[in-house]
Amino acid sequence: MTTDPLAWLVGLEGVPSGYAAARDGIDVMLRDRGLRRTSPEMTAESLLRGAHASAVLEGSTSSLAELREGAGDAVATDAVRMSASLLALAPLLKTAPLQAMARIHSVVGSASLDPEELGRPRDAASADRLRGVAELLLAPTSAPALLVAAVVHADLATAAPFASHNGIVARAVERLVLVSRGVDAKSLVVPEAGHLALRAQYESNLGAYRDGGPRGVHAWVLYASEAYAAGAEASPLRRDAAE
């Protein structure tokens, strides 16, 4: 019998209610605006907002307006380039997640890294961590897709398995999990913006995930449910979302 790697998290205090509320909020937002009335331009806008937020979390000082004009610093440019090809990798993430993660890193790092570093783990320990994330993505689980996305994000961000851009990769994979598992098939939620809006909590809870044992993991997943709610509010489907 295959063991569910996330079963221990599913019933922890606050987790079922937090993730049910986050998913309900996403579903209501998507339903109220009517997915049939959305457009590729809305998806592109969501991806651009996500690239901007992710780049800022990675140290960029570029504004969203600069990105709209095709400008921005190197980190922002890397994030935008990656976002443009991200959704095409959703099928690959479901069947060959190691390849999908390597491809994301290859695209985001293509302008700044040696070709031999693109898509490759830094060392044997990093390769093991990547295999662990891939196994998690392939394992049967009763955990909601949002919880899977949160854990995969934190695993990648804290392990830092690549030579650079690990935060951007982690947040890209998180978004891709939401797409590939049917939470947000058209990628209209902006989870990266949710993390940016809660930046202090985001960074402290990633530290807790890395160093705090089971309690730290619990703290991270509770935080992430709040971030997903904020990411839904940042969607271009919300007329009052920040521009």
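The values are calculated or read from the model by the stated rules, or taken from the named source; none is laboratory data. A quick note: this is a predicted structure, and the numbers were derived from the prediction, not measured. In case anyone asks, the SASA skips ligands and DNA or RNA and just uses the protein heavy atoms, side chains included. Shrake-Rupley method; radii C 1.70, N 1.55, O 1.52, S 1.80 Å.
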Quick one: Karplus J couplings for the range 127-140, per residue in order, coefficients 6.51, -1.76, 1.60, θ = phi - 60°, nearest Hz, x for Gly and Pro? 4, 5, 5, 5, 4, x, 5, 4, 5, 4, 5, 8, 6, x
For the range 134-239, what does the relative contact order come out to in percent, with C-alpha contacts under 8 Å and a separation of six or more? 27
Counting only protein heavy atoms and rolling a 1.4 Å probe, one gets per residue an accessible area for the range 114-181 in Å² of 35
With all protein chains present, the range 172-231 has a carbon and sulfur share of its accessible area (1.4 Å probe) in percent of 54
Carbon/sulfur accessible area of the range 128-169, % of total, 1.4 Å probe, equals 52
Over the chain, calculate the relative contact order: mean separation of alpha carbon pairs under 8 Å at least 6 apart, over the residue count, as a percent. 26
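Assuming a ≥ b ≥ c are the square roots of the Cα gyration tensor eigenvalues, decide whether the range 1-123 counts as rounded (a/c under 1.5), prolate (otherwise, with a/b larger than b/c) or oblate.
It is oblate, given that a/c is not under 1.5 and a/b is not larger than b/c.
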So, for the range 1-102, what is the accessible surface per residue at a probe of 1.4 Å, expressed in square angstrom? 51
